[in-house]
Amino acid sequence: MSDLTVDQDVRLSRPSGIRSIWLGDTKVSYVPDGDVRLRPLHLLKDSTDEVWAAHPEYLDASGHLVGSVGALLVEHGDRALLIDTGFGPQTHQEPEGPLGTIQGGALVSSLAELGRGPEDIEAVAFTHLHPDHIGWACHPAPGGDQPVFTRADYLISEPEWDRRDLLEAEGMAEQVAALGARVRTITDGQEIFPGVLVRITPGHTVGHAEYVITGGGRRLIAFGDAVHSPIQIDHPDWSSGFDHDLARTADHRHRLVAELAEPGTIGFGVHFADVVFGHVQRDGDGPAWRPVDA
């Protein structure tokens, strides 16, 4: 087994710290907020005990699938865009189902390590409106009662915002209200920041969005929760227990995996443990998801 394989195995069972890559003059950085521990057989119901016994590298000591929770910072010159805002300063546990434990709270300090304050963020673009992606947009700044992102518009895909009643029905009326005054809806193909295009990909939610960032002859696809774990790259039929439309998400994931195998294409998986940046290499030698860190 190569040193690279050993290193990747370790990284698959721990949450990510700050990681950055450059696309020409654009810098993209994973901004950690916390981590999530998931019950693998509940999250990926088409998986089996045998699969996880053969791939213990994805699991922590208690048998939970390890995921990162955070955001993507996109910097171009003096300008800064944030994609998603993590879970926020809170912890939540579920006694059954896909979610074991999720915790956040580090996003603001992680931004500071990257040399940015919340006031530097001109807009926050959301992949979708689940709690682990909108957390800090719904919480006041530490020690105060004002929003964290004082300058930012909240960019949400038009079909996602149009069906916010689905969130309200799930008990998220307070979060929806906190977002409301700052929302600007966006449409498929729209450029929201230099080199950043919106791609609306329903399935995980009714208006789930991906963001395609180009620069320096490369492109990065921030695919949100179209894929939750690197193991799904090898098994694109496996939809998540959190997906709104399992068949539609699986169909999109097949196309996405093929796209991520194209030259010059990098993926960003916000929940992908400590391999958040990567590309797809389908050569039959090891996992298809290969980390990219530069």
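The values are calculated or read from the model by the stated rules, or taken from the named source; none is laboratory data. The structure presented is a predicted model; accordingly, all values stated were derived computationally and were not measured. For neighbour counting, all protein chains shown are included, and Cβ atoms are generated from backbone atoms with ideal geometry for every residue, glycine included. We work out accessible area using only protein heavy atoms, side chains counted, and drop any ligands, DNA or RNA first. Shrake-Rupley method; radii C 1.70, N 1.55, O 1.52, S 1.80 Å.
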### Message
Using a 7 Å offset from the Cα along the Cα-to-Cβ direction at both Asp153 and Ala247, what is the distance between the two label points in nm, to one decimal?
### Response
3.7
### Summary
Karplus-derived 3J(HN,Hα) from phi for region 216-222 (6.51 cos²θ - 1.76 cosθ + 1.60, θ = phi - 60°), whole Hz, x at Gly and Pro, runs x, x, 10, 9, 10, 9, 8
### Message
Taking the Cα centroid of region 83-136 and of region 193-209, what is the distance between the two, rounded to the nearest whole Å?
### Response
18
### Task
Restricting things to alpha carbons, tell me how big region 3-62 is in terms of Rg and Dmax, in Å.
15.0, 45
### Summary
Stretched fully, the stretch from Thr187 through Glu122 gains (0.36 nm per residue minus C-alpha distance, one decimal, in nm) 21.6 nm
### Task
Pull up all non-local amide H partners of Ala125: gap of 5 or more, or a different chain, and H-to-H distance under 5 Å with H placed in the peptide plane.
Leu82, Ile83, Asp84, Leu155
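Round to a whole number: what % of the accessible area of the chain belongs to carbon and sulfur, probe 1.4 Å?
On the way: 5960 of 12110 Å².
C and S atoms contribute 49 percent here.
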### Query
Using 12 Å as the cut-off for backbone N distance, which residues of region 24-52 belong to the label zone defined by a point 7 Å from the Cα of Glu113 along Cα→Cβ?
30-34
### Query
Taking the alpha-carbon centroid of each part, what is the distance from region 44-62 to region 17-36 in angstrom?
27
### Query
³J(HN,Hα) across region 16-27 via Karplus (A = 6.51, B = -1.76, C = 1.60, θ = phi - 60°), whole Hz, x for Gly/Pro?
7, x, 5, 9, 9, 9, 10, 10, x, 8, 9, 9
### Message
Rounded to the nearest 10 Å², what accessible area does His254 have for a 1.4 Å probe in the complete protein model?
### Response
80
### ³J(HN,Hα), Karplus 6.51/-1.76/1.60, whole Hz, each residue of region 43-52, x for Gly, Pro
5, 10, 5, 8, 7, 9, 4, 5, 4, 6
#### Entry: Spin-label proximity, Ile18 to region 60-76 - amide N less than 14 Å from point 7 Å beyond Cα toward beta carbon
71-75
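What does the accessible area per residue of the chain come to in Å², with a 1.4 Å probe and no ligands, DNA or RNA counted?
Values: 12110 Å² over 294 residues.
Ligands and nucleic acids excluded, the result is 41 Å² per residue.
Let's test the formula: R0 of 22 Å, r as the Cβ-Cβ distance of Asp7 and His55. What FRET efficiency results, to the nearest 0.05?
So the FRET efficiency works out to roughly 0.85.
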### Query
About its Cα centre, how strong a charge dipole does region 232-288 have in debye, to the nearest 20, once Lys and Arg get +1 and Asp and Glu get -1 at the Cβ?
120
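Considering only DSSP beta bridges where both residues belong to the chain, give the percentage that are antiparallel (nearest 5). Kindly include the intermediate steps, with their values, before the conclusion.
Numbers: 48 of 62 bridges.
Bridges in the chain are about 75 percent antiparallel.
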